[in-house]
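Contents: one structure, followed by commentary.
The values are calculated or read from the model by the stated rules, or taken from the named source; none is laboratory data. In this text the structure is predicted, and so the values were computed from the model without any measurement. With ideal geometry, Cβ positions are generated from the backbone for all residues, glycine too; neighbour counts draw on all protein chains shown.
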Amino acid sequence: MLNIHKLVLSLTLVLLFGVCGETWAANDAGETKPDSLSATEQDWTQLDEDEEELVVWDPIEPFNRGVFWFNDKLYFYALKPVARGYRAVLPEPVRESTSNFFQNLATPVRVVNALLQFKGRKAADESINFVFNSTFGLAGLFDLKVVQPESADGEDFGQTLGHYGTSPGFYLVLPILGPSNARDAVGSVADSLTHPVSSPYYLQMKQLEIIGARVYQTVNHLSLDRDTYESIKKEALDPYLFVRNAYMQSRAARIDK
Amino acid sequence: MRYIKLLILISCGLSLWVSPADSAESPKAQVKATVDQVIDVLRDKQLQGEPLRQTLSSLIRARFDFTIMSQRTLGKYWRTATTAEQQRFVSLFSELLEASYIGRIEAYSDESVSYGDERIEENRADVATTVHSGNTHIPIDYRLVLQGDDWFVYDVVIEEVSLIRNYRSSYGEIVRKEGFSGLFKRMEEKIAELRQSAGETTSQ
């Protein structure tokens, strides 16, 4: 029932940014400030006109906090120790190449979504790199960067939906996968149809192989990560709120691009 | 004699004309100076414990405007707070941000920082920087406001996530549910925790 491979990938995302829902509320109305005011005269309690107050719709917060707690334990007691052992065994260049390989492998997902948003240039850049990296880059182990894309962030179906005005819906923390929202959860399922590993249309890998690939990708990713989640836990007054907001901001910024 | 007068006049005029642009160093140069100094201090293995913290603290306090950051973080709650609460918040928030910022920089002190574009609009500026760590490149943007000749940081945007907007939502929710007393208690605990873990790493 649960799409485990997607869950594992999401966990990585969640741990880094959280995956969450978001709703936007306008700035408090009617308080415009002239530009000529000096810093001390300015009302700094207001956000700038180009910024929007981010209000998360989190109707199932108690449930989400429960799952967040579970994912936290899973990270510290299972994934992280495995990643540490893995890091001790394999040198960094090998792990970087592994990461390149998975990054290259997911190109179809990014191309499809760039096309769905009529971002032709992005789709072309991604495709050119895919062709060169898959061949001369030895199946993607080496990122030759034949084309330097304007922005490094890849498109996904959650962003495609957002691009056409779909609101994020409620905030949702998924087991293993981590923070998400109604929109992005739907997006992940759609993306799994175009991803070479999980797609039922080509390669046609077995369920167990799909899970294995995702777990391996996650462990490899964590072996390169510099304790992002640890520093969030250490610094934030409430890591749950920090992750929720960071994920929302990050998704909103990516949809705008 | 007339020429000398004229020369003096011209040079005075010139210096007046040049000075506004000249006296204030560019925001990028000012950010770079602070970041480089912080990294230098962190690499200096002689400096440890309390003296290290003091040095970093004075460097950071010279570049960050914690009062503006506090106002922005509390938003509407700032306006309802008493003066005493405002002062208490600014002082706790400064300590907390300082400890977090030092922790972050410390983790990346062996990596390189490159400086991108600066964008200046009236008395505000954005300075783009990137921290390079192996294959990963983390964009960190500083938002600054001009006060006198100096640019002061009022927000740090890491990978498009504004820290102040993040704090604004978390702290707002904590104040709403637990009041200022609840918020202050949490902040004090967090500062103690961060100090302790910093002490552990420096004594290792």
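Before moving on, here are some points about what is shown:
Here is a yes/no grid of residues against (1) within 30 Å of B:LEU96 (Cβ to Cβ); (2) small (Gly, Ala, Ser); (3) at pLDDT 95 or above:
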site: A:SER167; (1), (2), (3): no, yes, no
site: A:PRO175; (1), (2), (3): no, no, no
site: A:THR218; (1), (2), (3): no, no, no
site: A:LEU222; (1), (2), (3): yes, no, no
site: A:LEU237; (1), (2), (3): yes, no, no
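- Only residues that are touching a residue at least 60 places away in the same chain (Cβ under 8 Å) and more than 7 Å from chain B (Cβ to nearest Cβ) were counted in region A:243-257, giving 9.
- Restricting attention to region B:147-165, the residues that are more than 7 Å from every other protein chain (Cβ to nearest Cβ), over 16 Å from A:ARG254 (Cβ atoms) and in a strand (DSSP E or B) add up to 7.
- Among (1) farther than 18 Å from B:LYS32 by Cα; (2) within 14 Å of another protein chain (Cβ to nearest Cβ); (3) charged (D, E, K, R), the one test that B:ARG88 misses: (2)
- Any hit, region A:160-178, residues being touching an Asp or Glu at 6+ places or on another chain (Cβ under 6 Å), within 14 Å of chain B (Cβ to nearest Cβ) and either touching a residue at least 40 places away in the same chain (Cβ under 8 Å) or within 30 Å of A:PRO59 (Cα to Cα) (or both): yes
- Residue in region B:137-145 that is of a type outside the set (A, V, I, L, M, F, W, C) and more than 20 Å from B:ALA62 (Cβ to Cβ) present: yes
- Subset of region B:134-154 that is under 16 Å from A:ALA152 (Cα atoms) and polar (S, T, N, Q) - its residue that is modelled with the highest pLDDT: B:THR136
- Just one of the numbered conditions (1) assigned to a loop (DSSP other than H, G, I, E, B); (2) in contact with a Leu (Cβ under 8 Å, 6 or more places away or on another chain); (3) hydrophobic (A, V, I, L, M, F, W, C); (4) without any contact (Cβ under 8 Å) to a residue 60 or more places away in the chain is not true of A:ALA139: (2).
- Which listed residue is β-branched (Val, Ile, Thr), surrounded by 15 or more Cβ atoms within 10 Å (Cβ to Cβ) and over 18 Å from B:GLU95 (Cβ atoms), from B:VAL153, B:VAL127: B:VAL127
- Residue match in region A:229-242 (condition: farther than 30 Å from A:VAL82 by Cα, more than 14 Å from the chain's Cα centre (by Cα) and within 14 Å of chain B (Cβ to nearest Cβ)): no
- Hits in region A:155-211 - residues which are of a type in the set (Asp, Glu), buried (at least 17 other Cβ atoms within 10 Å of the Cβ) and assigned to a helix (DSSP H, G or I): A:ASP184, A:ASP191
- Checklist (1) within 30 Å of A:ILE232 (Cα to Cα); (2) more than 20 Å from the chain's Cα centre (by Cα) applied to A:PHE70, failing item: (2)
- Residue within region B:180-188 that is at the interface with chain A (Cβ under 7 Å from one of its Cβ atoms), closer than 19 Å to B:GLU85 by Cβ and not acidic (Asp, Glu) present: yes
- B:ALA81 vs. criteria surrounded by 16 or more Cβ atoms within 10 Å (Cβ to Cβ), in contact (Cβ under 8 Å) with a residue 40 or more places away in the chain and closer than 18 Å to B:VAL175 by Cβ: yes
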